[in-house]
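The values are calculated or read from the model by the stated rules, or taken from the named source; none is laboratory data. Everything numeric in this text was worked out from a predicted model, so none of it was measured. Because the Cβ atoms are built from the backbone with ideal geometry, glycine has one as well, and the counts that use them run over all protein chains shown. Calculation scope for accessible area: heavy atoms of the full protein, side chains included, ligands and nucleic acids excluded. Shrake-Rupley method; radii C 1.70, N 1.55, O 1.52, S 1.80 Å.
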Amino acid sequence: MYGDPSTIRKILTELGDTWAVVGLSHNEQRAAHGVAEVLQRYGKRIVPVHPKAETVHGEQGYPSLAAIPFPVDVVDVFVNSEHAGGIADEAVAVGAKAVWFQLGVIDEAAWDRVHDSGRDMVMDRCPAIEIPRLG
């Protein structure tokens with residue numbers, strides 16, 4: 001349900017190439033850093049979203065989704081599950097086409113809200129694992 005293969009494919013290939021990566025910072029030890037690098041290798045524009053608004057992988061960072069001055073296609077969430085629902089709500093508010101919760105990030109109520117808004121969502125999956133599988 002949370003990782004439907006057709007939804008994964010749609011998000012990765014059809015919904016756009018601008019990905020806001022919430023939780024991305026300079027910390028190379030964090031999963032977000034490596035995943036963002038993989039997304040870039042596959043042609044995605046990453047937008048770091050972190051309170052420090054750091055530039056990462058050559059891309060300007062922003063302190064929140066609302067601060068990004070251009071449209072975002074997908075919001076990739078690297079925060080604890082208890083904070084992820086608020087990020088999902090912000091993603092809907094800024095008009096993102098899809099929300100992606102990383103491995104271990106689960107919030108069923110957020111899943112329902114995102115789907116009720118007409119957007120696609122994947123939860124408890126990693127695009128860096130899924131994108132190479134597309135062939």
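A few remarks follow.
- Residue list for the stretch 92-135, filter: open to solvent by 10 Å² or more (accessible area, probe 1.4 Å), closer than 14 Å to Leu12 by Cα and not in a loop (DSSP other than H, G, I, E, B): Asp120, Ala128, Ile129, Glu130, Ile131, Pro132, Arg133, Leu134
- Output for the stretch 31-61, where each listed residue is assigned to a loop (DSSP other than H, G, I, E, B), open to solvent by 10 Å² or more (accessible area, probe 1.4 Å) and of a type in the set (Gly, Ala, Ser): Gly43, Ala53, Gly58
- Among residues of the stretch 5-25, those that are loosely packed, with under 14 Cβ neighbours inside 10 Å and in contact (Cβ under 8 Å) with a residue 60 or more places away in the chain, counted: 1
- Residues that are in a helix (DSSP H, G or I) and farther than 23 Å from Ile129 by Cα were ranked within the stretch 62-82; the one that is least open to solvent (accessible area, probe 1.4 Å) is Leu65.
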